[in-house]
1. Only residues of segment 9-25 count here: report those whose backbone N is under 20 Å from the spot 7 Å along Cα→Cβ of D58, or say none.
2. As a footprinting exposure proxy, order V59, V16 by other Cβ within 10 Å, with the fewest listed first.
3. Among L56, T37, S25, pick out the residue whose Cα is farthest towards the positive end of the charge dipole of the chain, where Lys and Arg carry +1 and Asp and Glu carry -1 on C-beta, about the Cα centre.
4. Looking at the chain, how many pairs of lysines come closer than 21 Å at the Cα, when each pair is eight or more places apart or spans two chains?
5. Identify which of I50, I36, I19 has the largest mean-square fluctuation in a Gaussian network model of the chain, with springs joining Cα atoms closer than 10 Å.
6. Would you calculate a helix-derived [θ] at 222 nm for the chain, using -39,500 (n - 2.57) for each DSSP H run of n ≥ 4 and dividing by the full residue count, to the nearest 500?
7. Tell me the trypsin sites (Lys or Arg not before Pro) within segment 5-49 that lie in a loop according to DSSP and have at most 14 other beta-carbon atoms within 10 Å.
8. How big is D for segment 3-70, in µm² s⁻¹ as a whole number, if Stokes-Einstein is applied with the Kirkwood radius of its Cα pairs at 4 °C and 1.567 mPa s?
Amino acid sequence: MSEAAAAETPKVMEKVFNILKRELSAEEYLIYLQTITPRIGDATAELGDITKKMGLKDVVRRAKRMEKTKA
């Protein structure tokens, strides 16, 4: 990834999360995460268990935190 693209990543991710919040249900969001996250097993069920008591804002906040730790 180029430096210019890396610098734009947080802004783009913020847009993505805003679109997701507006357009997807919590279940659809979990399916989306399963699609983009390489995992073994039923990621949707696992994420559903982990996030069943969380609101979408909490899920998004934690996803953002995960993104920062990967960088």
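1. Correct set: 17-18, 20-22, 24-25.
2. Details: V59 20, V16 13.
Arranged by neighbour count, lowest to highest, V59, V16 become V16, V59.
3. Working it through, the farthest residue towards the positive pole turns out to be L56.
4. So the count works out to 18.
5. Top of the fluctuation ranking is I36.
6. Numbers: 4 runs with 56 residues, N = 71.
One gets -25500 deg cm²/dmol as the mean residue ellipticity at 222 nm.
7. Numbers: sites: K11, K15, K21, R22, R39; in loops: R39.
Those that pass, being in a loop and sparsely packed, are R39.
8. Details: Rh = 12.8 Å.
Taking Rh from Cα pairs, D becomes 101 µm²/s.
Since every read-out is calculated from the coordinates, none of them should be taken as a lab result. Bear in mind that the values here come from a model prediction, so they are computed numbers and not experimental data. Virtual Cβ from ideal backbone geometry, glycine too; neighbours counted across all protein chains shown.
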